[in-house]
1. Identify all residues within segment 128-147 that are open to solvent by 40 Å² or more (accessible area, probe 1.4 Å) and under 27 Å from Glu161 (Cβ atoms); write none if there are none.
2. Kindly indicate whether any position in segment 207-228 is in contact with a Leu (Cβ under 8 Å, 6 or more places away or on another chain) and open to solvent by less than 10 Å² (accessible area, probe 1.4 Å).
3. Answer yes if at least one residue in segment 213-230 is more than 23 Å from Asp35 (Cα to Cα), assigned to a helix (DSSP H, G or I) and touching a Cys at 6+ places or on another chain (Cβ under 9 Å), and no otherwise.
4. In the list Ala336, Ala288, Ala276, which residue meets the criterion of being hydrophobic (A, V, I, L, M, F, W, C) and without any contact (Cβ under 8 Å) to a residue 24 or more places away in the chain?
5. Regarding Ile319, is this residue touching a residue at least 60 places away in the same chain (Cβ under 8 Å), out of contact with any Cys (no Cβ under 8 Å at 6 or more places or on another chain) and of a type in the set (Val, Ile, Thr)?
6. With (1) more than 21 Å from Asp48 (Cα to Cα); (2) surrounded by 21 or more Cβ atoms within 10 Å (Cβ to Cβ); (3) of a type in the set (A, V, I, L, M) as the list, and Ile234 as the residue in question, which single condition is left unmet?
Amino acid sequence: MFGNAQKRDIEPYVNFLENVERKSAKDYIIEQFKDHDIVILCERDHRDLTQYELIKEVLSDDYFKKHVKNLFTEIGVINLQPEITEFLKTKGLDSLYVENKLKEFQFNSSFWVLWEKYNYQYLLRTIYDINNSSDNQISYYPSDSEFNWQKVDNLEEYVREQDFEIEPRDSIMAYNIINTFERLRPNKDKKALVILNYRHAFKMHVPRNNGEIQENAAKYLFDYFGNRATNILIHQAVFRKKEKDYSYALIQNGKWDASFKALNLEDIGFDLSRTAFGRDSLDLWPVASSYTYEDTFDGFVFYRPIEDYQLVSYFDGFIPKEREEEFFRRFRIHLAYQEDTVTLEKLKDADFRKAVLIEMNTKKVRRYPNIEELIGVRDDFLKD
């Protein structure tokens, strides 16, 4: 089929894609609920808002609203559940009140000083808007480790809460999802979508560089639900940390991305088992192992090429005047935890604090820092 060597490298993938039944990413995800009670989505970089356009399509689908209805996420501490669930199901609220509550939930959603990724705000807004206009409402359950900043007055209490409430995080998240799911109203047909990020969605625990085993939440979910569960990888770049720098690479050095571009495919989903994609080694995880993609995920969706990804952080009005003092209180505790005496000293300066607030209250939309390099790597496979 292909003449040059690099084009021949992507031939197995292209051949598969030319012959596979064409299903959109949304339709493929929805279809999995016909045979499974738990569908786990492996989210790419939290900040990427493009994938949340796909998730919005899924949540807005009539089948999802009528037959699934339940959404669990890794992000969002579990102690927010009662208040946030009630809010998202209350119709006809004043628009200003809605905006303020969405900001409040994001402000309190994490054991970090702040969860600055805009994806959470977008997701909550999506659910509220769907529920406000539909008789079939979605129940949302944040499932991260319990943490309440109001119980933390100093560094010692922060350390205590970290030790007792957060670790081991993956087993806690899995327990929270299982326990909450089983407490839902008795219904043998109950189903749920679960959004986990990166390795948290792997079907197995994986080795780390130091030889220890990294436990992953999805492994616990599969252990409990068995074949009632399935997991789907949303196509993504491979995240790499090099000392203090962050960078990205492409799965299989760009072969996957190139094969989709060769056929002008931007929205498709399929099973990974016994495919050229599935047989590839799991280079998404930085530690060498014998695992393949079909060992790790049941399904795969490609949704938009890498140049379309939008990495969005912060948003206008994120920290309103009435929360500034609480933000800096948390920030000081966190800096003490990190032993960052330099920044702690800077916080004494009013101009520095003002600059920090401007940063937090300004929406930032970025692409991958090495996006041109990634595009070049991909497109090299397509040259004549």
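The values are calculated or read from the model by the stated rules, or taken from the named source; none is laboratory data. Everything quoted here is computed from the prediction, not taken from an experiment. Ideal geometry is used to build each Cβ from the backbone, glycine not excepted, and the neighbour counts take in all protein chains shown. Just the protein is used for accessible areas: all its heavy atoms, side chains included, with ligands, DNA and RNA removed. Shrake-Rupley method; radii C 1.70, N 1.55, O 1.52, S 1.80 Å.
1. Glu146
2. Residues of segment 207-228 that are in contact with a Leu (Cβ under 8 Å, 6 or more places away or on another chain), as a first pass: 217-218.
Restricting the remaining residues to those that are open to solvent by less than 10 Å² (accessible area, probe 1.4 Å) gives 217-218.
Yes, segment 207-228 contains a residue that is in contact with a Leu (Cβ under 8 Å, 6 or more places away or on another chain) and open to solvent by less than 10 Å² (accessible area, probe 1.4 Å).
3. To start, the set of residues in segment 213-230 that are more than 23 Å from Asp35 (Cα to Cα) comprises 213-216.
Now narrow it down to the ones that are assigned to a helix (DSSP H, G or I): none.
So far as segment 213-230 goes, no, none of its residues is more than 23 Å from Asp35 (Cα to Cα), assigned to a helix (DSSP H, G or I) and touching a Cys at 6+ places or on another chain (Cβ under 9 Å).
4. On the way: Ala336 fails: without any contact (Cβ under 8 Å) to a residue 24 or more places away in the chain; Ala276 fails: without any contact (Cβ under 8 Å) to a residue 24 or more places away in the chain.
None of the others qualify; the one that does is Ala288.
5. Working: touching a residue at least 60 places away in the same chain (Cβ under 8 Å): yes; out of contact with any Cys (no Cβ under 8 Å at 6 or more places or on another chain): yes; of a type in the set (Val, Ile, Thr): yes.
Yes; evaluated as a whole, the condition is true for this residue.
6. In the conditions (1) more than 21 Å from Asp48 (Cα to Cα); (2) surrounded by 21 or more Cβ atoms within 10 Å (Cβ to Cβ); (3) of a type in the set (A, V, I, L, M), Ile234 misses (1) alone.
Results for (1) open to solvent by less than 30 Å² (accessible area, probe 1.4 Å); (2) within 28 Å of Asn227 (Cα to Cα), shown as yes or no for each residue.
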| site | (1), (2) |
| --- | --- |
| Lys7 | no, no |
| Asn19 | no, yes |
| Glu31 | no, yes |
| Arg44 | yes, yes |
| Thr85 | yes, no |
| Lys91 | no, no |
| Val98 | yes, no |
| Phe105 | yes, no |
